[in-house]
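Written below as structure tokens is the structure these notes are about.
The values are calculated or read from the model by the stated rules, or taken from the named source; none is laboratory data. Remember, predicted model here, so these are calculated numbers, not experimental data. Here the Cβ positions follow ideal geometry from the backbone for every residue, glycine too, while neighbour counts run over all protein chains shown. SASA here: full protein model, heavy atoms, side chains in, ligands and nucleic acids out. Shrake-Rupley method; radii C 1.70, N 1.55, O 1.52, S 1.80 Å.
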Amino acid sequence: MKGTTAILGLLAVSLPHVAHATCPSGAIPQALKARLDAQALPLVTGLLVDNLPTQMDMPLGSYVLAECPDGFDDNILTIKSGTIDMLFSDLTVTLVNGALEVDGILDATANGDMAFQLCAMPDTECPGKLTTTNIKIHGRMEPTVAACVTAMPLTVVEITVDPYATTMQLNGCGLYDEITQGVYDWYRDTVVEMLVTQVEAALRDELPLFLADTIDGLLADGFEMYGLRFAALPDGISIDKNAIEVSFTANVTPAAGQAACVPAEASLPEENASVRAPTPPADGLLTMTMSQPFVQRGVRAAWLSGWLCFNTVDYSLDLGEYLDPIAPGAMLRAALAVTEPPTVNLGQSGDAYVQVSSEALSVEVNIEVPGAAAPAQMLALASAELAGEVRLDQALQALTLEILDVTSPGLSLQASEDANLVFSEGTLRGIMDKLLMPAFAANIGPLPLTSGLFVTAPVAVRLDHMAVFPSHVQASIDMCAIDHTDRVSPSTLISRLPPSPARASSTFMVASTDDRTPNDFMRHRVLVDGQLVQAFASGDVIALDNLSGGDHQVRVIAIDLNDNEDPTPVELTVHVDAVLPVVTVLEAPYGVSRAATTTLKVAAVDDETPASQLQLWFTAGVWHDDGSPDGSVIAGSVGDVAADGSIELTSLPENKIVRVTVFAMDAAGNVGSSSASFGVDHDATFNCQAVSGGQLSGLVVLLGLLRLRRGHRR
């Protein structure tokens, strides 16, 4: 090693890192694409740093430093023990067109026990400390992907050492200068060269692994959750100075096979492989796109595993109470199943919603009535429309589809001949829309759309924003490195208290802080009356659901990304008013109104809010016997109730059934309601056929169904 700079390694090797064997059969090519912005690379360089060597043993043994004249023993250095500590600093990963480059600085310190045999001098032993600083490291890699086989050739490794950046300290050896120079030369020629060789070998191994882990960490292959198994293998990679872009061949299949509620002959249809995920835009640290065929494959795999099967018995639901007004003591049980593969319709440009549709929703309804000889059994065949929103589950670190609403637009009915209750198709529509579909939507679980993101890396993710286009779903994701050395606890802060009184379901806001974790990535543990209700609540709005009336003690504990918890959590007392206001219709037309104008009288009371402070309003509409929403009677039919509780309706429609619903809201936000319905006959000759047939009988049943819906909380 002569001169001021020495290049110890200049390699031109093709070192294939085979991450995957081949593209899996049945998978969708370019189903997902991910763009990792160059600004995100510092978050994952820890993967590389963690795998580079930090220490090695000193080379033990004896080394001749200089030959002595005849009759004298040579100068010999013997290393008896010692270690070399290595510290990498300023490690940076840079993107250039088609390649990834790594640069860094290595400082090394050797501490050892040395024994010296010196010419014409007594032997001696002493500790020694030798340091080398500013060793410059440079690596370059040009990855390629073909048929899901990733090759990562390391084309250049340079390690440059400045010989004048080496220092030595020997304590208590009493050595001459020339001996010191000999030790210095030995250290520089032997130890530093050995050090460089090991670092060079580590870079050849770890640099491809670093990029492979970064790519594989984007989407974990073979990841299983919620009964689904995800496969995601890179099928293309491109690098420019701004980002790494990776496309994935991907598939989703049921992890445990086909569910019993799905027809035995069912299978996963082939998807349109020609529709590819588009190139993600430059929009945040990590941007992902998923093609419509891949989203549909995930939904269909979930369907095959039983995701779209619902049985009220399995969920311990008894919906018979909603039939009490027309059949006291009745028990209603139902089983719903989608029997054919659903289709996925993505929203219009910029819309964040996904629609899942099926023309084959089978509904089996069984209604048992006390005293009846046989239960009423009905089989309904309907279509199903599920509306959902794409979100990111921070606990799973995966994109999921959350179902918000389920409707059944098409319906055909088959009822048992010996049924003791005869339900019209309009009545069953009311049962479907107001009972079964809301219960189905409330109990259907979230559907993972991707495997976990960076689940193998010390990186947390958070959804920044989402957009759904007709051909694909696009997600912009924020990232934050997890510092596993962080031991500082966060501070819990409540920025907005729950209202008082609060409803059975209410919210409050948090603004907790930490020295390493950004506010957006803070999590909170929530306990109510000592019982855990949320282990890792994310976001700044925390929901309290289904609380009973009275006072509750709520404890909120802030948690940072390294799972440090606030030792001084915040304690809240939340007073809940769980009782809805009671609305009574005191005066209303009985049967049929003979005038186009009529007046109703109502009153409302509440257990906590004075009657004078209740907010009252009403709606008036034409009732439809097909189960569709009431039609507006007159413009401005939604308005406040007069102070004396009177409601005046004008321009009532001829030969129609009008329903007036009065609402009252208390201080907690609970809403109670009551309805009154009547026919309208201006000309004193009522169209009896419109009332005495299915319309009026359907009205009785529908009013019964709506009676208990007064308890619906808004």
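Take Leu336: with every protein chain present and a 1.4 Å probe, its accessible area is about 0 Å². Charge tally around Leu547: other residues with Cβ under 11 Å, Lys/Arg +1 each, Asp/Glu -1 each, net -3.
Of all alpha-carbon pairs in segment 520-603, indicate the percentage at a distance above 20 angstrom. So the portion of pairs separated by more than 20 Å is 55 percent.
In this structure, the amide hydrogen of Ala398, modeled 1.01 Å from its nitrogen in the peptide plane, lies closer than 5 angstrom to those of Asp393, Leu453, counting only residues at least 5 positions away or on a different chain. Residue-wise HN-Hα couplings along segment 504-511, as the Karplus relation 6.51 cos²θ - 1.76 cosθ + 1.60 with θ = phi - 60° gives them from phi, are 4, 10, 8, 9, 9, 10, 10, 9 Hz; Gly and Pro carry x. Only lysines eight or more places from Lys136 in sequence, or on another chain, were considered; those with a Cα closer than 28 Å are Lys2, Lys241. In sequence order, segment 267-276 has phi-based couplings of 7, 7, x, 5, 9, 6, 6, 7, 8, 9 Hz under the Karplus curve 6.51 cos²θ - 1.76 cosθ + 1.60, θ = phi - 60°, and Gly or Pro positions carry x.
To the nearest 10, the accessible area of Asp577 is 0 Å² with a 1.4 Å probe. Remark: relative contact order (segment 462-591) = 25 percent; criterion is Cα-Cα distance under 8 angstrom and separation of 6 or more residues. In loop segments of segment 465-553 as defined by DSSP, the trypsin sites (Lys or Arg not before Pro) with at most 12 further C-beta atoms inside 10 Å of their C-beta are Arg487. Which aspartates and glutamates does Lys656 reach when only Cα atoms under 13 Å apart count, and residues fewer than 8 places away in its own chain are ignored? Result set, ordered by chain and number: Asp625, Asp630, Asp681, Asp683. Excluding same-chain neighbours fewer than eight residues apart, the lysines reachable from Lys129 by a Cα-Cα span under 21 Å are Lys80. Taking amide H positions as modeled 1.01 Å from N, with prolines and chain starts lacking one, the residues under 5 Å from Asp74 and 5 or more places away or on another chain are Cys68.
Given a 1.4 Å probe and heavy atoms of the protein chains only, how would you sort His138, His682, largest accessible area at the top?
Descending order: His682, His138.
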